[in-house]
Amino acid sequence: MQITKSTKANKIIELSGECKQCGKCCQFGSGYLLKEDIERIAKHFNISDEEFTKKYLDEATVFNTALHKPKQSKNGKAFGPCVFIKDGKCSIHSVKPLHCKISTCNEHGEDISVWFHLNNFVNENDPESVRQWKVYLESWGKNIPGGKLDELVKDKNILNKIIKYEILR
């Protein structure tokens, strides 16, 4: 099956396969959380969304869009394991974020990663997000159907103005 920008999340989860809970993918970082992930995990901890965010998350901006991701236990290093890794396993596996659910290492991994970015970071209504996506694509970034610039911004005149910085916001 070909993954496109419009592929439904439930199909993406299915294509991702089962997590083997090896903990290897979380040793050098963490996934991004959507609003519904924050709500679900905060409820799991029986704390408010705000308390959960403050205690466990850092903000990260990709393609001019801010989301949160779990803090890392860096111990003075540039990277470290996700704060939710305990004894080599994910301590929130039963409620883990969508990004973590779909970020398994299989033949669909790269396309699924692009799908997540297109659907959660790239904002066709934000000229700076579109410009940053353009730079990514020009840098030989992986793409999937639905992710071409003219597919994101269908009005060629507006797209041209965005690219030329004639539309800033």
Practice prompt. Might you let me know whether region 1-18 holds any residue that is in contact with a strand residue (DSSP E or B) (Cβ under 9 Å, 6 or more places away or on another chain) and not hydroxyl-bearing (Ser, Thr, Tyr)?
Written response: no
Restricting attention to region 1-20, the residues that are farther than 15 Å from Gly146 by Cα, loosely packed, with under 12 Cβ neighbours inside 10 Å and of a type in the set (S, T, N, Q) number exactly 1
Within region 20-44, the count of residues that are modelled with pLDDT under 90 and in a loop (DSSP other than H, G, I, E, B) comes to 8
By residue number, the members of region 70-100 that are touching a residue at least 40 places away in the same chain (Cβ under 8 Å), farther than 23 Å from Lys35 by Cβ and of a type in the set (D, E, K, R) are Lys89
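Listed here are the residues, each with its yes/no results for (1) of a type in the set (A, V, I, L, M, F, W, C); (2) modelled with pLDDT under 90.
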| site | (1), (2) |
| --- | --- |
| Ser73 | no, yes |
| Lys77 | no, yes |
| Gly88 | no, yes |
| Ser94 | no, no |
| Glu107 | no, yes |
| Phe116 | yes, no |
| Asn120 | no, no |
Notebook entry, point to check: Is it fair to say Thr7 is at pLDDT 95 or above, assigned to a loop (DSSP other than H, G, I, E, B) and β-branched (Val, Ile, Thr)?
Noted result: yes
Those residues of region 128-163 that are in contact with a Ser or Thr (Cβ under 8 Å, 6 or more places away or on another chain) and farther than 20 Å from Asp111 by Cα come to a total of 0
Looking at the structure I just gave you, is Glu151 free of Cβ contacts under 8 Å to residues at least 40 places away in the same chain and among the charged types (D, E, K, R)? no
Report yes if Ser103 is closer than 30 Å to Met1 by Cα, surrounded by fewer than 18 Cβ atoms within 10 Å (Cβ to Cβ) and in contact (Cβ under 8 Å) with a residue 24 or more places away in the chain, otherwise no.
no
Glu166 vs (1) more than 21 Å from Ile3 (Cβ to Cβ); (2) in contact with a Ser or Thr (Cβ under 7 Å, 6 or more places away or on another chain): all pass except (2)
- Query: Does Lys54 meet the test of being surrounded by 12 or more Cβ atoms within 10 Å (Cβ to Cβ), farther than 22 Å from Thr7 by Cα and of a type in the set (Lys, Arg)?
  - Reply: no
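The values are calculated or read from the model by the stated rules, or taken from the named source; none is laboratory data. Note that the structure is predicted; figures quoted are calculated from it, not measured. Positions of Cβ are generated from backbone atoms using ideal geometry, with glycine treated the same way; all protein chains shown enter the neighbour counts.
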